[in-house]
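The values are calculated or read from the model by the stated rules, or taken from the named source; none is laboratory data. Values in this document were obtained by computation on a predicted structure and should not be read as measured data. Heads up, the Cβs are rebuilt from the backbone with ideal geometry, glycines too, and the neighbour counts pull from every protein chain shown.
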Amino acid sequence: MLDKTEARRYLPEEGRVLFTCKNGKIASARIVYDDEYVASLKVLIDLASKAGYRVVLEDDSKL
């Protein structure tokens, strides 16, 4: 694991990075590419609904 203060040595000059932290330390880091997005499940469902999709549970209950 990497201490948060040491992380700047490994960051790209430009771009986005997704970190996973555990116990105050960086457990993993991953570059988020230009063709990728990071969002919550709620945002994903909202975007799908706005695009005309209907998101349902297996028992056919609407989310």
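Listing for the model above:
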item: Residue 15 being on the phi > 0 side of the Ramachandran plot and surrounded by 10 or more Cβ atoms within 10 Å (Cβ to Cβ); result: yes
item: Total residues in the range 25-63, condition over 29 Å from residue 5 (Cβ atoms), assigned to a loop (DSSP other than H, G, I, E, B), aliphatic (A, V, I, L, M) and modelled with pLDDT under 95; result: 3
item: Some residue of the range 31-40 being charged (D, E, K, R), over 30 Å from residue 8 (Cα atoms) and exposed (fewer than 11 other Cβ atoms within 10 Å of the Cβ); result: no
